[in-house]
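Participant: Have a look at the structure that comes next, please.
The values are calculated or read from the model by the stated rules, or taken from the named source; none is laboratory data. The model shown is predicted, which means the values in this text are computed figures rather than measured ones. Here the Cβ positions follow ideal geometry from the backbone for every residue, glycine too, while neighbour counts run over all protein chains shown.
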Amino acid sequence: MGARSAAPNALEQVRKFLNTWRIPNDTRVVTDLLPELIKDDGAWQDELPGVTGPRTLPELTRLREELRGALGQARPDLAELLRQHPVVAVIGSEEAGQPPITHVPLRAGAAGVLTGVVVDALALGLWDRLKACPDCKWVFYDHSRNGSRTWCGMYAESPQGRACGSIAKMRAYRARK
């Protein structure tokens, strides 16, 4: 589930963060990678470069659950999230090639950095295209023209890939017969 699922710019970091909770294709048993990822600074930087600052498991687990609950919504209610992790708008430098406005955390921490990226995505109208597959719960970015992609994939594009769309359509077909 490669580039077709990748989100634009820093939103890709949020997508990767959300996919630390997954249902692997081979075992179909819920797996939480976050506890081990938090403990290993090198793995954290490899997986989530740019998401810096202190990180605690309870805080990031709550953030992940709240963001997963807001996937696919154009205007999710993130008031509680913003109370916990306030952000401030910063005007970027045109000479440095920065976006006109970005949102940065008021307090240092990985949760604040991720919250700032989510607020940027909401402001740019990108958030509602971040969705979770109804079958395997893999988070993907919907690049389709009309924003109607439902599943992580229609075909297993790799040995690790899952064909949730094909599986769902086959189930529906069998149910009709």
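Participant: Identify the residue in the stretch 14-39 that is of a type in the set (S, T, N, Q) and more than 14 Å from Arg68 (Cα to Cα) and, among all such residues, is surrounded by the fewest Cβ atoms within 10 Å (Cβ to Cβ).
Facilitator: Start the filter on the stretch 14-39 by keeping residues that are of a type in the set (S, T, N, Q), which leaves 19-20, 25, 27, 31.
Still in the running and more than 14 Å from Arg68 (Cα to Cα): 25, 27, 31.
Details: Asn25: 17, Thr27: 8, Thr31: 11.
Taking the candidates together, the pick is Thr27.
Participant: Still on this structure: Would you call Ala123 more than 15 Å from the chain's Cα centre (by Cα), under 30 Å from Thr150 (Cα atoms) and surrounded by 11 or more Cβ atoms within 10 Å (Cβ to Cβ)?
Facilitator: Numbers: more than 15 Å from the chain's Cα centre (by Cα): yes; under 30 Å from Thr150 (Cα atoms): yes; surrounded by 11 or more Cβ atoms within 10 Å (Cβ to Cβ): yes.
So Ala123 passes the test.
Participant: In the stretch 101-120, what count of residues is obtained for those that are assigned to a helix (DSSP H, G or I), more than 17 Å from Pro54 (Cα to Cα), out of contact with any Leu (no Cβ under 7 Å at 6 or more places or on another chain) and not acidic (Asp, Glu)? Steps first, answer last, please.
Facilitator: Initial filter on the stretch 101-120 (assigned to a helix (DSSP H, G or I)): 110-120.
Then drop every residue that is not more than 17 Å from Pro54 (Cα to Cα), which leaves 118-120.
Of the ones still in play, those that are also out of contact with any Leu (no Cβ under 7 Å at 6 or more places or on another chain) are 119-120.
Imposing the further condition that a residue be not acidic (Asp, Glu) reduces the set to 119.
Of the residues in that region, 1 qualify.
Participant: Of everything in the stretch 69-114 that's in contact with a Pro (Cβ under 6 Å, 6 or more places away or on another chain) and among the small types (Gly, Ala, Ser), which residue is nearest to Trp127 (Cα to Cα)?
Facilitator: The selected residue is Ala70.
Participant: Next question, about the same structure. Quick check on the stretch 156-173. Is at least one of its residues surrounded by 16 or more Cβ atoms within 10 Å (Cβ to Cβ), polar (S, T, N, Q) and either within 30 Å of Ile38 (Cβ to Cβ) or modelled with pLDDT under 80 (or both)?
Facilitator: Scanning the stretch 156-173, I find no residue that is surrounded by 16 or more Cβ atoms within 10 Å (Cβ to Cβ), polar (S, T, N, Q) and either within 30 Å of Ile38 (Cβ to Cβ) or modelled with pLDDT under 80 (or both), so the answer is no.
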